[in-house]
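The structure appears below as structure tokens.
The values are calculated or read from the model by the stated rules, or taken from the named source; none is laboratory data. Quantities reported herein were computed from a predicted structural model and do not represent experimental measurements. So basically every Cβ, Gly included, is an ideal-geometry build from the backbone, and we count neighbours across all protein chains shown. All accessible areas refer to the heavy atoms of the entire protein, side chains included, with ligands and DNA or RNA removed. Shrake-Rupley method; radii C 1.70, N 1.55, O 1.52, S 1.80 Å.
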Amino acid sequence: MDLVDEGSFQRLSYRGPMKQVDQQASDPVRWSLLPSTAGVLADGQLTIGGCSVEDLAATYGTPLFIYDEEHLRSRCREAVAAFGPDVAYASKAFLCKAMAKLAHEEGMRIDVSTAGELHVALAAGVPGDRLVLHGNNKSEDELQAAIKASVSRIIVDSMDELNRLERLTEGLDDPVPVWLRITPGVHAHTHAFVQTGQEDSKFGFSVSSGAAEMAVARVESSAGLELKGIHAHIGSQVFDLANFAQAAAVVGAFFAPLDLEELCVGGGLGEAYVNAEDAPSMAEWATTTLEALRASGVPEGTRISAEPGRSIVARAGVTAYTVGTIKELPGLRTYVAVDGGMSDNPRPVLYGSGYEALLAREPKASRPSTIRLVGKHCESGDVLIEEASVPKDLHVGDILVTPVTGAYGSSMASNYNKVPRPAVVFVRDGVARIVVRRETLDDLLTLEP
Ligand code: LLP
């Protein structure tokens, strides 16, 4: 069950033998890749949250990130139902004040991994005691900010961080609650860039080398720190539940004798991005993990939590682009260029990850033509979909939608070529609200004296 290596593109989409969906390339985009409230108007056009995608594009411009608020909320509720009230939303997948507020309202904690994410979550009104702080190289300023905000847990990643924390907590009245991040030595079946549970990793304390045990002893001897629990995260876009079970077995065996109350198994549940993929459900992930933890001796009553990011937001979001140029090269291929690209979705370039495309005016159309979907940036690597299936009558001016862009899209967007970053709109019950406005050309100059 290895990754499919396609020349220079190592696909992030895990193509294991199980749970593959039988599809023809020309089939319409599978409806289950769209946000849960996606619908079709009488004239055939796509709606999300009761709003016409073509109207949203006309009103707010393109590229536009459109999030289905109902979908976001129901995924948060699913996570809480599967893992309980300590489950955290990994905000690196997509963060703005509206998202932090939404996840908080739905009962999730929020995982922040930098001072920036912490700042946004606090600005959204999320109380410190509902935040957890991650990071393999937290600065003193970041640790200080977290202590000041009374974040519920700091997840300690290294001995250097422990040194910093000991200095910063000297003389405090109350000890600062921490978890230790351990590395279970498990290779998750996913792209190498997002594997984090293997021995050769910049993250956490290795169990097998004894580093994790030493870190426990060190925290227990620190007056300023209180060891609350253990944390592990094996990687992202993981489809194979066996990987979670393997990690849980190692983490559980390490955790069981420590007599601690809390254990967090991280995030990483995979999401289907293209027609041929299918992913396990949140409930299946939780059941597999909890069973493996119990089998490894984790006592009843332990507060077990997780930290999903992608699986909360990925499918809730789509990107709407306007088609600007179509270049046909007979005998070679056709390039279709949209008004965004690697600045709003760097994932195809970074990880070779796959996407589908559909027309906002006819989302259920069959897609017999194969084109290369590219952006507007000044390099040939600016590819959104290497081999995109699209309807035959695709033309300049069409609104083209790429589904499953809710995770690590807006949050990884850049200003490459000084392209202003897209707006983000939440839709629900026929109402749209801008939660992040589009950058203006003048915004591009705000940092310059
Ligand atoms: N917890 C920790 C400590 C993490 O580092 C991450 C993701 C998560 C939870 C959430 O994982 P998720 O459920 O979202 O898979 N930029 C890459 C993904 C990087 C993931 C980083 N850490 C991508 O676009 O695929």
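Here are the numbers for the structure shown:
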quantity	calculated
Over region 96-226: Rg over Rh, Cα atoms, Kirkwood Rh	0.99
Using θ = phi - 60° and Karplus 6.51 cos²θ - 1.76 cosθ + 1.60, couplings along region 423-428 (whole Hz; Gly, Pro as x)	6, 10, 10, 9, 10, 6
Value of D in µm² per second that Stokes-Einstein yields for region 246-375, Kirkwood Rh from Cα pairs, at 10 °C (1.306 mPa s)	86 µm²/s
Relative contact order computed over the chain (Cα-Cα under 8 Å; 6+ residues apart), in percent	21 percent
Cα-based helix-to-principal-axis angle, 282-295 vs the chain, degrees rounded to 10	20 degrees
Sparsely packed GluC sites (Glu not before Pro) within region 355-449, loop by DSSP, other Cβ within 10 Å at most 16	GLU379
Rounded tilt (10° steps) of 211-220 against the dominant C-alpha axis of the chain	60 degrees
Region 69-313 - accessible surface per residue (Å², probe 1.4 Å)	36 Å²
Residue order for MET214, MET342, MET159 - accessible surface, 1.4 angstrom probe, largest first	MET214, MET159, MET342
Sequence-separation-based contact order of region 323-390, relative, with Cα cut under 8 Å and 6+ spacing, percent	35 percent
List TRP285, TRP31, ordered by accessible area with a 1.4 Å probe, largest first	TRP31, TRP285
Per-peptide average of other Cβ atoms within 10 Å, ordering 218-225, 230-237 highest first	230-237, 218-225
Per-residue SASA entry for ASP429, accessible area with 1.4 Å probe, Å² rounded to 10	130 Å²
Top of PRO348, PRO391, PRO257 by mean-square fluctuation, Gaussian network on the chain, Cα under 10 Å	PRO257
Mean shadow area of region 69-114 over all directions, Cα convex hull, nm²	2.9 nm²
Carbon and sulfur %, accessible surface of the chain computed with the full protein complex present, 1.4 Å	51 percent
Largest-first ellipsoid semi-axes for the chain, taking √(5λ) over the Cα gyration tensor eigenvalues, angstrom	39, 24, 20
222 nm mean residue ellipticity, helices alone, for the chain (DSSP H n ≥ 4; -39,500 (n - 2.57); rounded to 500)	-7000 deg cm²/dmol
Phi-based couplings in Hz for region 110-118 (Karplus 6.51, -1.76, 1.60; Gly and Pro marked x)	10, 8, 10, 10, 8, 4, x, 5, 4
Average projected area [Cα convex hull, region 260-305], square nanometres	3.7 nm²
0 to 90° range, to nearest 10: angle between helix 241-255 axis and the chain longest Cα axis	20 degrees
Estimated inter-spin distance, ILE326 and GLU261, nm [label 7 Å along Cα→Cβ]	6.3 nm
Cut-off under 5 Å, modelled amide H: who pairs with ARG303 long-range	GLU262, LEU263
Amide hydrogen neighbours beyond the local backbone of ALA88, cut-off 5 Å, H modeled	ARG109, ALA306, GLU307
Relative contact order [Cα under 8 Å, 6+ residues apart], region 69-313, whole percent	20 percent
Relative packing of peptides 395-403, 412-420, 201-209 - highest average C-beta neighbours within 10 Å first	395-403, 201-209, 412-420
Region 69-313 - Rg and Dmax from Cα coordinates, angstrom	16.8, 57
Cβ charges +1 (Lys, Arg) and -1 (Asp, Glu), total dipole of region 69-313, debye	340 debye
Alpha-carbon centroids, region 93-128 and region 397-449: separation in whole Å	19 Å
Rounded Å value of the spacing that divides the Cα centres of region 321-387 and region 190-241	39 Å
Region 360-368 - phi-based ³J(HN,Hα) in whole Hz, Karplus 6.51/-1.76/1.60, Gly and Pro as x	5, 7, 8, x, 9, 5, 6, 10, x
